[in-house]
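Before any comments, here is the structure.
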Amino acid sequence: MPWGVNGTVDLNNKSARLNLAGLVSNATFALVAKALPHNADQPTLDLGRFAQLAAPLTLQAGVTFAEGWHFARAEGWFTAGPANADGVALEAAAANFVFADGRLVCPDAMLRTRDSMARGSYEMDTATNDYRFRLTGRLRPANIDEWLSESWPRFWNNFSFPVRPPEASVDLRGRWGSPQLTTIHIAADVTDAVVRGVTLDRVQARVFLADNWDDVREFAILRGAQTAHGTFAITEKPEGDKWERLEFAATSDFDLDVAAKLIGSGAEKFVQPYRFATPPHLTLSGTLDGQTATDDWHQERVDLAVDSAGDFAYDGFPMRDFAAQARIRDDVVELSGLKLHAAAGQAAGTARIWTAPDGTRRLAFDGALTGANLGQAIRLIENYRAAQRGEPAPMMSKFQQQVAAGKLDLALAAEGVLGQNFSFLGKGTAAITGADLAQINLFGLLSKLLDRMLLNFSSLSLDTLNAGFVLNGAKISFADLSLTGERARLDARGDYQLATDTLDFNLKVNPFGKTHTFVGNFFEVLTSPLTNVLEVKLKGPLEKPGWTFTNGPANLLRSLGGDSGKNPASPTKE
């Protein structure tokens, strides 16, 4: 197509107005650049640097030369096919433009790159190479990587859009040749996005990007029925792709593993012990500093609240309906307002986790469990201990079956090494009500032993237990354990070994300790010398311990008969 030129020329003052129409090629750019006026402060504009055309573009323009043939203004429009614009491959471009006083302004521009298309405006100061893009449309971020600093592709490296590019508005400012000066404001809305390998139904965000600084000023994420929204800002290390600082505030009801993947591998490590059948509701805020090559954090300051309904487990220990507030400061984790359900009972308390000078992680807690089902509680602990040892869950014992109807109240404050179950030291209380304690194998043997004394009862009918205890690693020591029922009271002291399920107790038996009838009270007075000295030794495995009289009737008769005890009889055993 030949060029068409018309216009007016004033030879007296050396000015002109020309109207041009034709095709512009790469060679034309070079000729125009040379023809444009320039000086030391405004060097020759290298148009070829900004555009390499695969085919000539169509141009229509008006050019004004002021008095003395000084270039004053150019304006018009162009359309172009495939081109390389400063390293970015364009399929098509079109714009109207005004060039005057060293500024190029395109108030209405269109760009198309592969599956992206956007409309907007472009401005540039040709003296400083400062520019500004404002675009709206479907934009695939990777398509303009070459225009921007390294922080742009690094930010989008965790995103992919397999179905279609995001709907976005972009305000991009910078200086050609100085990518570190680039700043970008983005408002985006995209469906079917993939972030850190997690498929999301919809992502909406407002983002500000600068050199080594990514500020997500607002985001909202939808994945099925799960949602998350909030803000976060990342300061990156200039020499690599690791974060230097992360600041965040968000709420989420995402599955915890999914939320951790979205944050990064450091978060995945943190949530690994927690398992929720139903995603919890989380509110969290804080900062993480100093991510290293191993993805560990040097400093952590996090506040969070969690509330979940349904099954929950920590380190494999099963519970339900977990709620708590946590305060994390570096390696110190403090839990408050802790509430949960376990073994059909409700628990509440506080906990603290920290690193001791010897490098071990320690746990201190103070909590209480009320209204728990005794049989379920025993079963829960046995199954957990078997799982920790890598063993299958044991069959339900006769002991569990016989006390299944009982209710357990338990309070315990203790401290030990996190993950080492037999390292804890502490104190607590326990109460059991409504359990048929006398009918279990443990006390059935005692009942048979006492029947030989002709005390006229075949069972102790024990249904209530109260105890204070001291936890010392794998040993629980009871100083004041009592079991009571309608016909008897047992007072005991001794130890229970958790690791071996063995007992070592002394019991003092009072068969009429809780009788309230006149006959019962009268008979208790008559027999009190006997019951006050009736003591039994209980020792051995929980399922089948050994019973021995330590201060029973034989010792009493020898004492009454004046036996000095030089040749004591052997203790009576069951």
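The values are calculated or read from the model by the stated rules, or taken from the named source; none is laboratory data. Bear in mind that the values here come from a model prediction, so they are computed numbers and not experimental data. Quick reminder, even Gly has a Cβ in these numbers, built from the backbone with ideal geometry, and neighbours come from all protein chains shown. For the accessible areas, the whole protein counts, side chains as well, though only heavy atoms, and no ligand, DNA or RNA atoms are used. Shrake-Rupley method; radii C 1.70, N 1.55, O 1.52, S 1.80 Å.
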Residue by residue through region 287-313, note down the ones that are over 18 Å from residue 253 (Cα atoms) and either at pLDDT 80 or above or part of a strand (DSSP E or B) (or both).
287, 288, 289, 299, 300, 301
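Would you call residue 493 in a loop (DSSP other than H, G, I, E, B) and either in contact (Cβ under 8 Å) with a residue 12 or more places away in the chain or over 14 Å from residue 431 (Cα atoms) (or both)? Lay out the reasoning, then the answer.
Working: in a loop (DSSP other than H, G, I, E, B): no; either in contact (Cβ under 8 Å) with a residue 12 or more places away in the chain or over 14 Å from residue 431 (Cα atoms) (or both): yes.
No.
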Being within 17 Å of residue 411 (Cβ to Cβ) and either in a helix (DSSP H, G or I) or touching a helix residue (DSSP H, G or I) at 6+ places or on another chain (Cβ under 7 Å) (or both) is the filter here, so list the residues in region 346-398 that pass it.
374, 377, 381
Of all residues in region 222-265 being modelled with pLDDT under 85 and of a type in the set (Gly, Ala, Ser), the one that is surrounded by the fewest Cβ atoms within 10 Å (Cβ to Cβ)
240
Checking the structure you have, find out if any residue of region 514-526 is at pLDDT below 70, open to solvent by less than 60 Å² (accessible area, probe 1.4 Å) and of a type in the set (Gly, Ala, Ser).
yes
Against the definition (closer than 30 Å to residue 260 by Cα, open to solvent by less than 20 Å² (accessible area, probe 1.4 Å) and at pLDDT 90 or above), how does residue 200 come out, yes or no?
yes
Considering region 121-151, residues that are within 23 Å of residue 202 (Cβ to Cβ), in contact with a Lys or Arg (Cβ under 8 Å, 6 or more places away or on another chain) and not hydroxyl-bearing (Ser, Thr, Tyr), and then whichever is surrounded by the fewest Cβ atoms within 10 Å (Cβ to Cβ), we arrive at 138
Could you list, in sequence order, the residues of region 352-382 that are crowded, with 17+ Cβ neighbours inside 10 Å, over 28 Å from residue 332 (Cα atoms) and free of Cβ contacts under 8 Å to residues at least 60 places away in the same chain?
372, 373, 375, 377, 378, 379, 382
Out of all the residues in region 179-188, is one or more part of a loop (DSSP other than H, G, I, E, B) and within 30 Å of residue 314 (Cβ to Cβ)?
no
Filter region 152-193 down to residues that are in contact (Cβ under 8 Å) with a residue 40 or more places away in the chain and of a type in the set (Phe, Trp, Tyr) and give me whichever is surrounded by the most Cβ atoms within 10 Å (Cβ to Cβ).
152
Given the conditions (1) open to solvent by less than 30 Å² (accessible area, probe 1.4 Å); (2) among the hydrophobic types (A, V, I, L, M, F, W, C); (3) at pLDDT below 85, which single one is not true for residue 393?
(1)
Answer residue from region 26-45, given it is modelled with pLDDT of 60 or more and open to solvent by 40 Å² or more (accessible area, probe 1.4 Å) and is nearest to the chain's Cα centre (by Cα) among those:
26
Unmet requirement for residue 20, which otherwise passes all of (1) more than 19 Å from residue 125 (Cα to Cα); (2) over 60 Å from the mean Cα position of the chain (by Cα); (3) at pLDDT below 90
(3)
